[in-house]
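The values are calculated or read from the model by the stated rules, or taken from the named source; none is laboratory data. Only a predicted model underlies this, so the values are computations on that prediction, with no experimental measurement involved. Here the Cβ positions follow ideal geometry from the backbone for every residue, glycine too, while neighbour counts run over all protein chains shown. Keep in mind that these areas ignore ligands, DNA and RNA; they rest on the heavy atoms of the full protein, side chains included. Shrake-Rupley method; radii C 1.70, N 1.55, O 1.52, S 1.80 Å.
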Amino acid sequence: MENPTPLGQQHLEQIGSRMPVPTYTRSSDIMGIVHIGVGGFHRAHQAYYLHQLRQLGDASDWGICGIGLREGDQKLCDIFKKQDHLYTLLIKHPNGKIEPKVIGSIVDFEMGIDNPEPAIARLADADTRIVSLTITEGGYNFNPTTGEFNFDNPNIQHELRHPLDPITVYGFLTAALKRRCDAGLPAFTVLSCDNIEHNGDMVRKMLLTFAEVQDPNLATWIAQEVSFPNSMVDRITPVTTPADIETLENYGVQDAWPVTCEPFIQWVVEDKFSTGRPAFEKAGVQFVTDVGPYEKMKLRLLNAGHSVLGLLGALHGHSTINACIEDEVFSSYLRAFLDQEATPILGEIVGIDLEDYKDILLQRFANPNIKDSVSRICSESSAKLPKFLIATIQENLACNGSIAYATLVIAAWCYYSDKQINKNGQPLEIIDAMSTELHQAAKQTKTDPLAFVRQESLFGSLVKNERFTKVYTEAVQKIYRDTNIKKYMQDLI
Ligand code: CS2
């Protein structure tokens, strides 16, 4: 295909002959939602839901303004400027079909670094009714074991001293809420869309703890006025590759940063929006009074399942999640973990057949077009595993349940963090905010087999549990003797 058409508002009609494009009016006067952390996931999930709603002719008074708080967001900001904040979503079906769509629900973007004022102003604007977040598990700034706010973070210290020069989400939210409170404006709803159990309650607790120290009167106002719905979000969204950009060019469209995802999508949200919300239910969002059981189910089955395949797969030498599922030992191991360790602690979830959920999960992981990399899954394991997997081990220890499958994964994580190679000697990179600590702890394993699990901020008091230490020591010693991880997996199934 010669000369693909650059994505932009003025080319939408032309592009519309090749793929669906927004049919609604897009304007930066129409906002309502400010979203912090516009990664691939937000663009495949919440922004997609709003787009679908607007395509139906609904939610005409809602649009999204993105905010970037990390240096890395500058790239998206620049691309968005060139493309009028439009992007393409490539929905990849298991049968090979690719469904491209141009998404138009994001209408503006502000960077919050260097000059935080435009971002604060946007958050404080009377039109902003919802501030949603995908800032990753690590962005919530809590100690994974105690669940307490981490005041040692130098960025937090900085913004406590300089409330007008915020850096983290807490500094920005309090700066904006203070302005709204002083101006007599209503507060906005803070909607967390990250993979954390009770994510709304968590961000509420963290924000109030921070505000209490910064400005106790503001903290009281926030406690009374801001609502924090919990929500469970789900859609597998791999990292965009150069091949995806090329695929799109074959459709005649040039987009510097498209997003790819699976067809499956789910969003379960508590209906607590103090200042209104789009009628998301018309686009398939489920509103419930208690999202707890759904969150737990998703984190302990899907996200934990990903980590099981990711860490064991990395050590074995698989590079994608679907390659893991194609490997009979890996898929049987995953199913055994889900059935014997994760499911028993979930109890019954009203309206959900867990057997069906797991069958569908395995099919989703098997989607050969998604090619979700194990490196994406293994990244930031220190923020993920305490919630996804370690909690399951702890709960199984408490009720005398099986821990063997999950413990082998922790042992694999230790070896990975220490040696940074797979069983074939190929390098594995640790992409993790705690990479140095993980490596330091893991490398003492030879002299102290429990060194890795002594990291209290990740494992709590697990190291004091004899049943756990016995299973873990055996597993880690085996892996250090011979990295043939598949053999040990086979022994357990
Ligand atoms: C993954 C999630 O990062 C991870 O480890 O498990 O990103 C997962 O793909 C999403 O939560 C799916 O909704």
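At a glance:
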quantity	calculated
Given (1) open to solvent by less than 30 Å² (accessible area, probe 1.4 Å); (2) on the phi > 0 side of the Ramachandran plot, index of the condition Y333 fails	(2)
Condition broken by G147, with the remaining ones in (1) open to solvent by 20 Å² or more (accessible area, probe 1.4 Å); (2) modelled with pLDDT under 95 satisfied	(1)
Residue match in the stretch 436-456 (condition: at pLDDT below 95, of a type outside the set (A, V, I, L, M), under 15 Å from T145 (Cα atoms) and more than 15 Å from the ligand (Cβ to nearest atom))	yes
Criterion (more than 16 Å from the ligand (Cβ to nearest atom) and buried (at least 21 other Cβ atoms within 10 Å of the Cβ)) met by exactly one of A175, A183, A223	A175
Lone qualifier among C65, C77 - being in contact with a Gly (Cβ under 7 Å, 6 or more places away or on another chain) and either closer than 29 Å to V239 by Cβ or in a helix (DSSP H, G or I) (or both)	C77
Any hit, the stretch 385-401, residues being open to solvent by 20 Å² or more (accessible area, probe 1.4 Å) and within 15 Å of the ligand (Cβ to nearest atom)	yes
Qualifying residue in the stretch 189-202 (condition: over 30 Å from N303 (Cα atoms) and of a type in the set (S, T, N, Q))	no
Looking only at the stretch 226-246, and only at residues there that are within 21 Å of Y48 (Cα to Cα) and open to solvent by 40 Å² or more (accessible area, probe 1.4 Å), the one that is nearest to the ligand (Cβ to nearest atom)	V239
Positions within the stretch 307-321 being open to solvent by 10 Å² or more (accessible area, probe 1.4 Å) and either part of a helix (DSSP H, G or I) or more than 14 Å from the ligand (Cβ to nearest atom) (or both), in sequence order	H316, G317, H318, S319
Residue match in the stretch 272-285 (condition: within 16 Å of the ligand (Cβ to nearest atom), crowded, with 16+ Cβ neighbours inside 10 Å, modelled with pLDDT of 95 or more and under 25 Å from L346 (Cβ atoms))	yes
Set T247, T260: member being polar (S, T, N, Q) and part of a strand (DSSP E or B)	T260
Criterion: open to solvent by 20 Å² or more (accessible area, probe 1.4 Å), closer than 19 Å to R235 by Cα and within 16 Å of the ligand (Cβ to nearest atom) - qualifying residue of L354, L362, L428	L362
Selection status of R300, within 12 Å of the ligand (Cβ to nearest atom) and on the phi < 0 side of the Ramachandran plot	yes
Segments classed as helices (runs of 4 or more DSSP H), wholly inside the stretch 443-493, with at least 3 members that are loosely packed, with under 15 Cβ neighbours inside 10 Å	466-481, 485-492
Only one of G68, G37 that is in contact (Cβ under 8 Å) with a residue 12 or more places away in the chain, within 16 Å of the ligand (Cβ to nearest atom) and in contact with a strand residue (DSSP E or B) (Cβ under 8 Å, 6 or more places away or on another chain)	G37
Any hit, the stretch 96-112, residues being within 20 Å of F172 (Cα to Cα) and assigned to a loop (DSSP other than H, G, I, E, B)	yes
Some residue of the stretch 370-381 being part of a helix (DSSP H, G or I), open to solvent by 20 Å² or more (accessible area, probe 1.4 Å), touching a helix residue (DSSP H, G or I) at 6+ places or on another chain (Cβ under 7 Å) and not polar (S, T, N, Q)	no
In the stretch 339-351, residue nearest to C414 (Cα to Cα) [restricted to those that are away from the ligand (no atom under 16 Å from the Cβ) and assigned to a helix (DSSP H, G or I)]	E341
Selection from the stretch 56-94 of residues that are aliphatic (A, V, I, L, M), in contact with a helix residue (DSSP H, G or I) (Cβ under 8 Å, 6 or more places away or on another chain) and more than 19 Å from R376 (Cβ to Cβ)	L56, A59, I64, I67, L69, L86
Odd one out for H162 among (1) crowded, with 21+ Cβ neighbours inside 10 Å; (2) free of Cβ contacts under 8 Å to residues at least 12 places away in the same chain	(1)
Test result for L53, in contact with a helix residue (DSSP H, G or I) (Cβ under 6 Å, 6 or more places away or on another chain), in the same structural domain as G39 (by TED's automatic domain parsing), buried (at least 20 other Cβ atoms within 10 Å of the Cβ) and in a helix (DSSP H, G or I)	yes
Of all residues in the stretch 164-200 being of a type in the set (F, W, Y) and assigned to a helix (DSSP H, G or I), the one that is nearest to V269 (Cα to Cα)	Y170
